[in-house]
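The values are calculated or read from the model by the stated rules, or taken from the named source; none is laboratory data. Predicted model only: the values in this text are computed from it and were never measured. FYI the Cβ positions are ideal-geometry reconstructions off the backbone, even for glycines, and counts take in every protein chain you see. Areas reflect the complete protein model, heavy atoms only, side chains present, ligands, DNA and RNA absent. Shrake-Rupley method; radii C 1.70, N 1.55, O 1.52, S 1.80 Å.
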Amino acid sequence: MLPLERLTLREFRAEDLPNVFYGLSHPEVIKHYGIQYASEEDCRAQMRWFDDIRADGSGLWLALETLEDRHFLGAVGISSRSEQHHCAELGYWLLPEHWGRGYMQEALRGFLRLAYRRFPLNRVYAQVEVDNLGSGKLLRSVGFTLEGVSRECEWKDGRYLSLANYALLRAEHEAEGGGDE
C-alpha cells in the first residue's frame, strides 16, 4: 500500500471485481481504453491478469482509492515490462464521476516514483488515442514527452485509430524530483 496526499495505491483484492467491471464497462472509460468487459464473470480475466503480471514480474497494476474513506476510484499500472530494454508501458483509468479533481495526476506521480524504485526501468511509455486530449495533457503534466504519432495503427469500432506516443525517462523523472522520497 502506498499512501499519497489524498489517495492510496494498493494491490487489487477479490472484492474489487464489481468496481473494476463498472470501470471497464463504462462507456466513458472504455471510449479511449483498449479493454472492455460485458459481464463481471468476463472481467475476472482482468483480475487474474493483475495477479499474473505481478507474479511473473512483467508488470504491476494497483487500485486507487481515497485515503479518507477508501472509496475505489480506478487503476494505474505498468505492463509489458522488458528486462532487456528496461522499459514498460503505462496504463490508467479513472471512474468518470472522479474526473477533473486531480486524482489521476496525484496517482501517476506516486505510482511512477514506486515503479522507478521497484523496477530497473529507464523508460516508461504510454500510447494514447490522439483525440483523447485530456490523457495527453495529463501525461505532459507529470513529465512525459510526446515523441510522435503512430498513424492509423489500430482498428477499433470500425475505424483506424492513430496513437500519440509519450515517454518519460528515468533521468527526466529524477530531474523533476520524482526520485525523491
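The set of residues in region 69-80 that are among the small types (Gly, Ala, Ser) and surrounded by 18 or more Cβ atoms within 10 Å (Cβ to Cβ) comprises 74, 75, 77.
With respect to the conditions (1) surrounded by fewer than 18 Cβ atoms within 10 Å (Cβ to Cβ); (2) of a type in the set (A, V, I, L, M); (3) in contact with a strand residue (DSSP E or B) (Cβ under 9 Å, 6 or more places away or on another chain); (4) more than 26 Å from residue 15 (Cα to Cα), residue 138 falls short on a single one, namely (1).
Residues of region 17-63 that are among the acidic types (Asp, Glu) and within 13 Å of residue 93 (Cβ to Cβ): 28 alone. Taken together, the residues in region 63-87 that are of a type outside the set (Val, Ile, Thr) and closer than 15 Å to residue 117 by Cα amount to 5. In this structure, residue 56 does satisfy being of a type outside the set (Gly, Ala, Ser), open to solvent by 80 Å² or more (accessible area, probe 1.4 Å), free of Cβ contacts under 8 Å to residues at least 40 places away in the same chain and within 17 Å of residue 121 (Cα to Cα).
Of all positions in region 60-68, at least one carries a residue that is open to solvent by 20 Å² or more (accessible area, probe 1.4 Å), at pLDDT below 95 and in a loop (DSSP other than H, G, I, E, B).
If you go through region 11-29 and keep only what is open to solvent by less than 20 Å² (accessible area, probe 1.4 Å), assigned to a helix (DSSP H, G or I) and not β-branched (Val, Ile, Thr), you end up with 16, 17, 23.
Residues in region 89-107 that are out of contact with any helix residue (DSSP H, G or I) (no Cβ under 7 Å at 6 or more places or on another chain) and closer than 21 Å to residue 147 by Cβ were compared, and the one that is most open to solvent (accessible area, probe 1.4 Å) is 89. Looking across region 134-173, the residues that are within 16 Å of the chain's Cα centre (by Cα) and outside any strand (DSSP E or B) come down to 134, 135, 136, 137, 138, 139, 140, 141, 142, 143, 144.
What do you reckon, is residue 121 in contact (Cβ under 8 Å) with a residue 12 or more places away in the chain, assigned to a helix (DSSP H, G or I), under 17 Å from residue 61 (Cβ atoms) and open to solvent by less than 40 Å² (accessible area, probe 1.4 Å)? Here the answer is no, as residue 121 does not meet what is asked.
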